[in-house]
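The values are calculated or read from the model by the stated rules, or taken from the named source; none is laboratory data. Only a predicted model underlies this, so the values are computations on that prediction, with no experimental measurement involved. Every residue, glycine as well, gets a Cβ built from its backbone with ideal geometry; the counts of neighbours run over all protein chains shown. We work out accessible area using only protein heavy atoms, side chains counted, and drop any ligands, DNA or RNA first. Shrake-Rupley method; radii C 1.70, N 1.55, O 1.52, S 1.80 Å.
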Amino acid sequence: MSYEILGAFMLATAVLAISPGPDNIFVMVQGMANGRKYGLATVAGLMSGCLIHTTLLAFGVSALIKQNDSLFFIIKLFGALYLLFLSYKVYKSDSKIDLSNQKTAPQGLWKLFQTGFLMNVLNPKVTIFFLAFFPGFLFSKTIDTVIQFYVLGFLFITVSSLIFGAIALLAATISDYIATHHNAGRYLKWTQILVFVGIAGYLLLSDK
């Protein structure tokens, strides 16, 4: 069991959770507009959706690996290429973080939980991202693959929940910082690109 791989996975997850995206920006806006507990309800919904993707990945990919070891290389190759594609999309995107066009209509806690859950579960990009991201971080040759995927899933949810929760609690402060530090988006943009490229390179070079 490799704790170094798990540590690298958690670090990469943290950087990606901090980087601006539709999910954490939605959490921030809800926290600013409706209050902290509404932002936290959104986080709970988003993270609950991750359990669905983790389950699909754990049983689907594990079955493929058991059928044919060579399929694992194909999965990792797909993952590396997809992450490089994501890095290119981030490179071409505007580094400015725009919060002005987000919807802030008041919603109840349960409604925001449902919204976060459905945003995650019904987004095929999340499934593809999990497929690209997780397989390269399998950390043991003896532990069942399904268990390993669930461990990675729970680590992903834990790290992302802590960061998204902090965003919900500090929404107003973070928004003010973004408004007064115009280079923040640029730094986060290039950090995200480096993480995507780094993970892609790791997937291609690792022998697992």
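Evaluated at q = 0.16, 0.18, 0.20 Å⁻¹, a Debye calculation over the C-alpha positions of the range 60-208 (equal weights, vacuum) places log10 I(q)/I(0) at -1.10, -1.27, -1.41. Between Lys37 and Ser70, the FRET efficiency from the beta-carbon distance, with R0 = 45 Å, is close to 0.35. Using 0.36 nm per residue and subtracting the Cα-Cα separation, the extra length available between Thr173 and Gln114 on full extension is 18.6 nm. Over the chain, Cα pairs under 8 Å with separation of 6+ residues give a relative contact order of 44 percent. Multiplying the residue separation of Lys125 and Ser206 by 0.36 nm and removing their Cα-Cα distance gives an extension gain of 26.7 nm. Expressed as a whole percent, the accessible surface of the chain that belongs to carbon and sulfur atoms is 68, based on a 1.4 Å probe.
Taking the inverse of the mean 1/r over every pair of distinct Cα atoms in the range 1-110 gives a Kirkwood hydrodynamic radius of 17.0 Å.
Given R0 = 41 Å, the distance between the Cβ atoms of Tyr3 and Thr180 translates into a calculated FRET efficiency of 0.55.
The count of lysine pairs in the chain that are at least 8 places apart or cross chains, and whose C-alpha atoms lie under 26 Å apart, stands at 27. Take the range 1-155 with all the other protein chains still there, run a 1.4 Å probe, and you get 52 Å² of accessible area per residue.
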